[in-house]
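A.B. asks: Can you keep this structure in mind? I'll have questions shortly.
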Amino acid sequence: MSVDMKGKDLVSVHDLATEEVWQILKTAEMMKLRQKSGIQERPLAGKTLAMIFHKPSTRTRVSFEVGIWQLGGYALYLGASDLQLRRGETLADTARTLSRYVDGIMIRTFAHADVVELARYAGVPVINGLTDLLHPCQALTDIFTLYEKRGRLAGLRLAYVGDGNNVAHSLMYAGAKVGMHVVVATPEGHEPDPQVLAGAKRDAAATGGSVEVVTRPGEAVRGADAVYTDVWASMGQEGEEDRRRQVFRPYQVNRELLDASGRPGVLFLHCLPAHRGDEVTDEVVDGPHSVVFDQAENRLHVQKAVMALVM
Ligand code: CP
Ligand code: NVA
């Protein structure tokens with residue numbers, strides 16, 4: 001079972017077929033194993049990835065840059081002030097120009113519509129490295145990490161507790177594609193985007209999974225195989241930090257909440273960076289249930305798989 005993904009964009013996991021999601025996970029598994037055995041592969045020799053960053057990054061930047069280098073290719077880092085975009089050149093013209101030089105474009109930006117626009121005009125694959133709406137590379141990595149730890153995905157129950165943000169949205173899409181039960185607990189007014197929820201529910205109906213939104217964290221985590229959280233104020237929401245800290249306080253993932261899963265082997269996930277003492281306690285993030293640095297490492301393997309498949 002192999003699907004040709006050459007030339008395909010990764011704007012949203014929702015756009016992928018379940019077979020494509022599995023192809024990425026299986027390719028990442030193989031690439032990780034081979035790398036750990038000292039086997040070097042250069043499927044992207046001579047190829048170049050442009051990386052546009054309008055927001056900061058530790059994991060995404062380093063894992064893409066190191067990843068393409070390991071595959072024999074080269075990455076260009078293009079920060080917010082490095083392109084003529086800032087001086088009014090359109091995204092469409094930027095996309096068409098870059099496509100004459102490079103073999104793929106990775107972009108991290110604010111408006112999701114900008115990534116859609118870039119992908120529309122680029123003649124090379126566009127990979128979404130995070131928007132205000134979605135973070136698909138993260139979610140593919142998260143389900144890959146769960147698959148590594150549990151040996152299966154269908155039927156697993158994942159509780160996401162906190163802000164109904166980009167990370168929550170992509171997890172809902174990714175979980176739905178592979179038959180997981182995703183339960184999201186958010187305070188009122190911070191629920192996931194209704195359109196994303198509707199799309200994820202449709203996908204889940206096709207795979208035997210489910211996606212549900214509740215308000216009580218305890219209800220979400222009951223029986224969960226994994227508990228996930230993310231920052232309460234995302235990049236671009238810096239001015240709202242104090243207000244959000246008040247609203248989200250009952251949504252902190254601490255030992256008590258993790259214990260409420262009733263599962264001794266429950267896993268704790270976080271995309272990082274973590275705001276320790278806010279959405280998660282030190283005890284949990286550094287504790288025996290935490291797999292957060294496996295997630296961080298797996299960004300490398302999963303994105304190498306994505307690049308090798310689409311570029
Ligand atoms: N998880 C994640 O995307 O991290 P960075 O913001 O450091 O890239
Ligand atoms: N929700 C966070 C994720 C960071 C990787 C943000 O957008 O800042």
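Please treat every number below as a calculation from the coordinates, not as lab data. Everything numeric here is computed off the predicted structure, so don't read it as measured data. Here the Cβ positions follow ideal geometry from the backbone for every residue, glycine too, while neighbour counts run over all protein chains shown.
A.B. asks: Of all residues in region 293-308 being surrounded by fewer than 21 Cβ atoms within 10 Å (Cβ to Cβ) and over 20 Å from Ser37 (Cβ atoms), which is farthest from ligand 1 (Cβ to nearest atom)?
C.D. replies: Phe293
A.B. asks: Suppose the filter is within 28 Å of Ala111 (Cα to Cα), crowded, with 23+ Cβ neighbours inside 10 Å and out of contact with any helix residue (DSSP H, G or I) (no Cβ under 6 Å at 6 or more places or on another chain); does Val280 pass it?
C.D. replies: The answer is yes for Val280.
A.B. asks: Residue under question is Ser290, and the condition is that it be hydroxyl-bearing (Ser, Thr, Tyr), closer than 27 Å to Met30 by Cβ and under 18 Å from the mean Cα position of the chain (by Cα); does it hold?
C.D. replies: In short, yes.
A.B. asks: If only one of Phe110, Phe64 is within 16 Å of ligand 1 (Cβ to nearest atom) and in a helix (DSSP H, G or I), which one is it?
C.D. replies: Values: Phe110 fails: in a helix (DSSP H, G or I).
Answer to the selection: Phe64.
A.B. asks: Of the residues Val13, Val62, only one is of a type outside the set (Ser, Thr, Tyr), within 16 Å of ligand 2 (Cβ to nearest atom), free of Cβ contacts under 8 Å to residues at least 12 places away in the same chain and under 19 Å from Gln295 (Cα atoms); which?
C.D. replies: When all the criteria are applied, what remains is Val62.
A.B. asks: Which of the residues belonging to region 221-247 are within 16 Å of ligand 2 (Cβ to nearest atom), of a type in the set (Gly, Ala, Ser) and assigned to a loop (DSSP other than H, G, I, E, B)?
C.D. replies: Across region 221-247, the qualifying residues are Ala233, Ser234, Gly236.
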